[in-house]
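One structure is given below, encoded as C-alpha cells.
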C-alpha cells in the first residue's frame, strides 16, 4: 500500500505510482496505466475512473500486481568468437565489439556474451544465468570487459567493484567543447520519470554518481565541433557517461538515446555526413586497471580503438591516445 504524501497532492495517479514504484523495472507509465484500466489499482478502496485522476494527500493507494511472467527459457551455450586480451586460470579479459549484447533480455535470448561464456566453460563462478560477469557494457559500447573464472575471483573482483578499486577509462567522441581541460561531473542519476528505458540526472533524487573527464583532442577549422574526451568512472551507474556528458551539453556522437543532431553545425561535408550516419554511440571502454584476484599484481588492459571510432577520429583530425599511453 502507498500512502500519498504532500508531494503527490494534485498529481496524476499514474505519475504518482510511477514515482513510488521507481524500483520496479516493469512499472513503466504505460504498464501502470494498463494496471489502472484492468482494475488492479484502488484508491481508498475504490477503482479510479482514469489514470489522470488527481491524487489527494493522505489517500491510500493499493496495487494488486499481476502474476510474474513465466520463467525464462534455459540459456544455451553458443560458440561465438571472442576477442581475448588476456586469460589465465582466474580471469578472462575481453575486447567486446559493438553490437554484442552482454546479457540475455527480451529480444536478445541468444547470441549474447553470456551464451558465448557458457560455451567456453560451465564451471565458472557466478549465477547460472550470468557466468562470471563482473561488470557490463551497453550493447553498442565497445571495449575492455573482465570475466571471473572462479568463485574466488568473482568475490575479489566483485568487492573491488563495490569499493571502487577497478579503474575504468573510456574514450568518447562528443559534440561541443568541454568547459575545462579536466573536470568532474557530480550529478545524481535516476530513471527518467517520463521514459523508464532512459536515465536522467537530478540534483536531489537518485544515486550519487561521479565522472572524471579530460580533453585529449579538439577538432578545428572546417572540422570544428567535435572533442575527444577521456572519461573515468568514479561510480558505475547505468548509462552514466552518456547521461553525464549530455547534462554537460556534450552529447556523444551517434548516441541514439542521449545524443542530439549537432552534426548539422559541422562545415566539412564528409565529416558532417559521417557524424550523421554514425551507427552507434562513439564510446569505447579503452582501459581497465585492476589487481589480480590471486597474486594482487596491478594489471592494466587496453582495448585498441575500433575501426568505426578510429575512422571518425581521423576524419575529425582528433588524435587518440597511443596504446601505451
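The values are calculated or read from the model by the stated rules, or taken from the named source; none is laboratory data. Not measured: the values here are computed from a predicted model. Backbone-built Cβ (ideal geometry, glycine too); neighbour counts: all protein chains shown.
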Query raised in the report: Among the listed residues 7, 39, which satisfies the condition of being out of contact with any strand residue (DSSP E or B) (no Cβ under 6 Å at 6 or more places or on another chain), exposed (fewer than 12 other Cβ atoms within 10 Å of the Cβ) and not in a loop (DSSP other than H, G, I, E, B)?
Result: 7
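Right, residue 201: crowded, with 18+ Cβ neighbours inside 10 Å, at pLDDT below 90 and touching a helix residue (DSSP H, G or I) at 6+ places or on another chain (Cβ under 6 Å) or not? Steps first, answer last, please.
On the way: crowded, with 18+ Cβ neighbours inside 10 Å: yes; at pLDDT below 90: no; touching a helix residue (DSSP H, G or I) at 6+ places or on another chain (Cβ under 6 Å): yes.
Criteria not met by residue 201.
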Query raised in the report: Here are 300, 289: which of them is surrounded by fewer than 17 Cβ atoms within 10 Å (Cβ to Cβ), within 21 Å of the chain's Cα centre (by Cα) and outside any helix (DSSP H, G or I)?
Result: 289
Requested in this report: Scan (1) part of a strand (DSSP E or B); (2) modelled with pLDDT under 95; (3) more than 29 Å from residue 24 (Cβ to Cβ) for the single condition residue 179 breaks and write down its number.
Outcome: (1)
Query raised in the report: Looking at (1) farther than 28 Å from residue 269 by Cβ; (2) in contact (Cβ under 8 Å) with a residue 60 or more places away in the chain; (3) surrounded by fewer than 14 Cβ atoms within 10 Å (Cβ to Cβ), which is the only condition residue 220 fails?
Result: (1)
Query raised in the report: Quick check: is even one residue across the stretch 164-173 farther than 30 Å from residue 299 by Cα and touching a residue at least 24 places away in the same chain (Cβ under 8 Å)?
Result: no
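Is one or more of the residues making up the stretch 209-216 under 22 Å from residue 274 (Cα atoms) and either at pLDDT 95 or above or over 18 Å from the mean Cα position of the chain (by Cα) (or both)?
The first filter runs over the stretch 209-216 and keeps only residues under 22 Å from residue 274 (Cα atoms), leaving 215-216.
Then keep just the ones that are either at pLDDT 95 or above or over 18 Å from the mean Cα position of the chain (by Cα) (or both); that gives 215-216.
Within the stretch 209-216, one or more residues are under 22 Å from residue 274 (Cα atoms) and either at pLDDT 95 or above or over 18 Å from the mean Cα position of the chain (by Cα) (or both).
Can you tell which of 185, 241 is assigned to a helix (DSSP H, G or I) and under 19 Å from the mean Cα position of the chain (by Cα)? Write out each step before concluding.
Details: 185 fails: assigned to a helix (DSSP H, G or I).
Result of the check over 185, 241: 241.
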Query raised in the report: Only one residue in 227, 238 is under 22 Å from residue 169 (Cα atoms), surrounded by fewer than 17 Cβ atoms within 10 Å (Cβ to Cβ) and in contact with a strand residue (DSSP E or B) (Cβ under 9 Å, 6 or more places away or on another chain). Which one?
Result: 238
Requested in this report: Please work out which residue is farthest from the chain's Cα centre (by Cα), limiting yourself to the stretch 10-31 and to residues that are surrounded by fewer than 19 Cβ atoms within 10 Å (Cβ to Cβ) and part of a helix (DSSP H, G or I).
Outcome: 15
